[in-house]
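Quick notes on the structure that follows.
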Amino acid sequence: MIVVTGATGNVGQPLVQALVAAGEQVTAVSRGISARDMPAGVRHHQADLAEPESLVPALDGADALFLLTSGDFVSAGGSVSDVLDVARAGGVGRVVLLSSQGVAMGSHPSTLEDPVTESDLEWTLLRPGGFDSNTLQWAEMVRAQRMVGAPFGDVALPTIDPADIAEVAAVVLREAGHAGRAYELTGPAPISPRQQAMAIGDALGEPVRFVEQSRAEARAQMLQFMPEPIVEATLDILGTPKPAEQRVSPDVEQVLGRPPRTFAEWAARNVAAFK
């Protein structure tokens, strides 16, 4: 049985669906989860990783854990080591951690990864770059004004569809041969915020105007939902990325046997959010 934390999010929901479709038994975990959030028959459990003991009932019969921490977990001083201790005691032998590309590039600290890689569990790290779904923060602007406001309008990064992250996670949770590996997950090509706004407009069938924010304006907005150190590191990546952060990784295709989806495909699939 596989336990999926963060099961109601942009990665967790499609991961649960992929695992169920593959015939796996799944326990979906989130702080506010309910039966209506999950496919029929999927076991679900409310837990907060910042209080690792709350995870114990979800681990009954589990052999693998998908570990997705949040900004709130970091802000609350959550301990990955404590989560792993609870998981190990519950019989989990394999853990897949959703980390970030920034750790490999030295832009983000390895605080979350280190307890995993130093543990005696069979582990795999997933290090995605920016998510295509981050553009959902523009949805209200697009719906109301057919406008996008974002910083660094012409800096392109190979953002990734969260559904691709979920599919990679489903493979490494189920199959052998991925232990001790760290996969860098990107989309198929760099794309700038201005180009993303155009792709959303194409999906809508009408133009979306792009307005460039200053770094200070973007910082103030991001601080409403992200810890300050992560905001600063993220703005550094968005504004002055290292060449390696703009590189397209082969890892999605290596694991899935197909290229990653484009941003235009993501926008078309999620166009209802912007209408």
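The values are calculated or read from the model by the stated rules, or taken from the named source; none is laboratory data. Keep in mind it's a predicted model, so treat the numbers as computed, not measured. Positions of Cβ are generated from backbone atoms using ideal geometry, with glycine treated the same way; all protein chains shown enter the neighbour counts. Protein only, heavy atoms only, side chains kept; ligands, DNA and RNA dropped before computing areas. Shrake-Rupley method; radii C 1.70, N 1.55, O 1.52, S 1.80 Å.
At q = 0.09, 0.10, 0.11 Å⁻¹, work out log10 I(q)/I(0) for the range 1-136 with the Debye formula, treating every Cα as an identical point scatterer and leaving solvent out; two decimals please.
Each listed q corresponds, in turn, to -0.24, -0.30, -0.37.
Please list the non-local residues whose amide H lies under 5 Å from the amide H of Arg209, H modeled 1.01 Å from N, same-chain partners needing a gap of 5 or more.
Hits under the 5 Å cutoff: Met147, Val148.
Full extension from Glu140 to Ala89: what is 0.36 nm times the residue separation minus their Cα-Cα distance, to one decimal in nm?
13.9 nm
If you roll a 1.4 angstrom probe over the protein chains with everything in place, what fraction of the accessible area of the range 1-92 belongs to carbon and sulfur, to the nearest %?
45 percent
With label points built 7 Å along Cα→Cβ from the Cα atoms of Asp114 and Thr240, find their separation and express it in nm.
With each label point 7 Å from Cα toward Cβ, the separation is 2.6 nm.
What does the highest-first list of 107-118, 15-26 look like by mean Cβ count within 10 Å?
So the order, starting with the most tightly packed, is 15-26, 107-118.
Which value, in debye to the nearest 20, gives the size of the charge dipole of the range 8-115 about its Cα centre, when Lys and Arg are +1 and Asp and Glu are -1 at the Cβ?
320 debye
Of the listed peptides 64-72, 232-240, what is their order by residue-averaged count of other C-beta atoms within 10 Å, with the highest listed first?
64-72, 232-240
What does the convex hull of the alpha-carbon atoms of the chain project to on average, in nm²?
Across all orientations, the chain yields a mean hull projection of 13.8 nm².
For Asp154 paired with Arg174, estimate the spin-label separation in nm (one decimal), with each label point 7 Å from Cα along the Cα-to-Cβ line.
In this crude label model, Asp154 to Arg174 measures out at 4.5 nm.
Could you work out the relative contact order of the range 36-144? I mean the mean sequence separation of Cα pairs under 8 Å and 6+ apart, divided by the number of residues, in percent.
23 percent
Could you give the C-alpha radius of gyration of the range 233-275 expressed as a fraction of 2.2 N^0.38 Å, taking N as the number of residues it contains?
The value comes to 1.54.
In square angstrom, what is the accessible area per residue of the range 137-187 with a 1.4 angstrom probe?
Value for the range 137-187: 34 Å² per residue.
Using a simple spin-label model with points 7 Å from Cα along the Cα→Cβ vector, what separation in nm is obtained for Glu51 and Val211?
Result: 4.2 nm between the two label points.
For the range 22-73, how big is Rg over Rh, using alpha carbon atoms and the Kirkwood form of Rh?
0.95
Taking N as the number of residues in the range 176-228, what is its Cα Rg relative to 2.2 N^0.38 Å?
With N residues counted in the range 176-228, Rg over 2.2 N^0.38 Å equals 1.73.
Explain nothing, just the number: relative contact order of the chain, from Cα pairs under 8 Å at least 6 residues apart, as a whole percent.
Dividing the mean separation by the residue count of the chain yields 18 percent.
222 nm [θ] for the chain, helices only, -39500 (n - 2.57) per DSSP H run of 4+, per residue, to 500?
Using -39500 (n - 2.57) per qualifying helix, the result is -10000 deg cm²/dmol.
So how much slack lies between Leu256 and Ala220, counting 0.36 nm per residue of separation and subtracting their Cα-Cα distance, in nm?
Full extension from Leu256 to Ala220 adds 9.2 nm.
By how many degrees, between 0 and 90 and to the nearest 10, does the Cα long axis of helix 193-204 differ from the longest principal axis of the chain?
The two axes meet at around 90 degrees.
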